[in-house]
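Below is one structure, written out as structure tokens; the observations come after it.
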Amino acid sequence: MSTASPATDGGDEDLAALPGRRFEPDLRSMTRINLRPIASPMPLGFFTIAIASVMTGCLQLGIFGEEARTAVAFTVLPAFVLQLLVSFLAFGARDVIAATLMAVFAGSWLPYSLIMISGAADGLKVLGVFNLALLCFGALMAAVTRPKRALWLVIAVSLPRWAATGLAGITGAEWLTRTSGALGLVVALVAMYTAFALMLEDMRSEQVLPIGRSGPAHLAVEGDLAVQLRNLERQAGVRRTL
């Protein structure tokens, strides 16, 4: 059996002459990339954050008694499903920052609800460490979300709450629990405003309330179609590997 070694500088013509090799023509001119517009899931995600934060904040502030823990946990549990859905849709809309943030928020509501419902031993301490881990995640997210000021602001007000909740769970300090509850209401207000502003913008196809986009985030909304498709061939789902 005879073998042939590829030419080093003969180009595609020499490669095509190799026995047993089959080369397709350049398919770029025949390639079509289809995009599917969807309704923005972000208002749902932020409204979910707001409602769940109100419920947990009221429990921490003592507005609900300790016997209401299970009831609060059941009201917060649907937030896991809703924000997981938002994350799935955000990944489909090619927004990795929003998708990651919503997925992690979804993952934070589930253990909280399960621990509160089950009354697991040392549950508050475990949640304390968990919230400190969320604090580290939030700090990293805050570093990359500055062009999306509304999203960044939700993270920024969540950081001190995660810190207070984490330290309260570990130390058992009552004043830290109350502080976390108050910060939860602040998170709810910011998330509610963000959700409402994004919903108005989507309905009227223009910014109504200030959201504070800048840089690439501003171009993504205000730019033409050519801006939207820039570097599309290099994005996940189009390129060959992640």
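Just so you know, all these numbers are worked out from the coordinates, no wet-lab data involved. Remember, predicted model here, so these are calculated numbers, not experimental data. Backbone-built Cβ (ideal geometry, glycine too); neighbour counts: all protein chains shown.
Each residue of segment 84-93 in turn: what ³J(HN,Hα) in whole Hz from Karplus with 6.51, -1.76, 1.60 and θ = phi - 60°, glycine and Pro shown as x?
Values, residue by residue: 5, 4, 4, 4, 4, 5, 5, 4, x, 8 Hz.
Residue-wise, which Karplus ³J(HN,Hα) couplings in Hz belong to segment 54-67, taking 6.51 cos²θ - 1.76 cosθ + 1.60, θ = phi - 60°, and x for glycine or proline?
My calculation for segment 54-67 gives 4, 5, 5, x, 5, 5, 5, 7, x, 5, 9, x, 4, 5 Hz in order.
Quick one: if the Förster radius is 25 Å, what FRET efficiency do Glu66 and Phe196 give, using the C-beta to C-beta distance and rounding to 0.05? Don't jump to the answer; show the numbers that get you there.
Working: r = 33 Å, r/R0 = 1.33.
Efficiency, from the Cβ-Cβ distance: 0.15.
How far apart, in nanometres, would the label points at Val81 and Ile38 be if each is projected 7 angstrom from Cα along the Cα-to-Cβ direction?
A separation of 1.8 nm, rounded to one decimal place.
What list of ³J(HN,Hα) values in whole Hz, one per residue of segment 45-50 in order, does the Karplus curve 6.51 cos²θ - 1.76 cosθ + 1.60 (θ = phi - 60°) give from phi, with Gly and Pro shown as x?
Coupling constants for segment 45-50: x, 6, 4, 5, 4, 4 Hz.
Extension gain Val129-Glu174, at 0.36 nm per residue separation less the Cα-Cα distance, in nm? Provide the component values of the computation, followed by the final result.
Numbers: separation 45, 0.36 × 45 = 16.20 nm, distance 1.68 nm.
Computed gain between Val129 and Glu174 is 14.5 nm.
Let me check I've understood the local charge: for Leu167, count other residues with C-beta under 15 angstrom from its C-beta, Lys and Arg +1, Asp and Glu -1. What total comes out?
Values: positive: Lys125, Arg161, Arg178; negative: Glu174.
My count for the surroundings of Leu167 gives +2.
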